[in-house]
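Novice: Have a look at this one.
The values are calculated or read from the model by the stated rules, or taken from the named source; none is laboratory data. Everything numeric in this text was worked out from a predicted model, so none of it was measured. Cβ sites come from the backbone with ideal geometry, for glycine too, and all protein chains shown count toward neighbours. Quick note on the areas: whole protein, heavy atoms, side chains included, nothing else; ligands and nucleic acids left out. Shrake-Rupley method; radii C 1.70, N 1.55, O 1.52, S 1.80 Å.
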Amino acid sequence: MLKQNNSIGSGKMVTCYLKYVIDPYQVDVFEEYAKMWIPLVNKFGGQHHGYFLPHEGANNIAYALFSFPSLAEYEDYRKKILVDEECKKAFILAEQTKCIISYERSFLRPVLE
């Protein structure tokens, strides 16, 4: 489990909050995409908190949450995923199927204690 790091110079844990607008006719494809990313985020030093798919209410909104020990480590992850073969497969799935219409990314500072 990641713990919030308050050390000077090392940064603080950040949680990435993603809100997706997805194709409601391709929720199953988006779920496949989501299942690809969970172990990839963990592989590169993050902690994935899961994807949250439509159930009741809007049928085209999904969410994801994952944390990294610092924004710098998240930025390093963003560089690594561009050259990783497993990540490329996930990007291609989303691109070819167009299961993701758009997304918003925000960074949050968790309060854990």
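Novice: For the chain, list log₁₀ I(q)/I(0) at each q in 0.18 Å⁻¹, using the Debye formula over Cα point scatterers of equal strength and ignoring solvent, two decimals each.
Specialist: -0.93
Novice: Could you please state how large a percent of the accessible area of the chain is carbon and sulfur, counting protein chains only and using a 1.4 Å probe?
Specialist: Of all accessible area on the chain, carbon and sulfur atoms account for 54 percent.
Novice: Another question, if that's okay. Which order do the peptides 100-113, 45-58, 17-30 take when ranked by the mean count of other beta-carbon atoms within 10 Å per residue, highest first?
Specialist: Order by mean packing, descending: 17-30, 45-58, 100-113.
Novice: Fully extended, how many nm does the chain gain between A58 and L112 (0.36 nm per residue separation, minus their Cα-Cα distance)?
Specialist: 16.5 nm
Novice: Follow-up. Give me the dipole magnitude in Debye, nearest 20, for the chain about the Cα centre, with unit charges on the beta carbon: positive for Lys and Arg, negative for Asp and Glu.
Specialist: That gives a dipole near 360 debye.
Novice: Could I ask something else about it? Could you point to the residue in A34, P110, I81 farthest towards the positive end of the chain's charge dipole, with +1 and -1 charges on the Cβ of Lys/Arg and Asp/Glu respectively?
Specialist: Ranked along the dipole, the leading option is P110.
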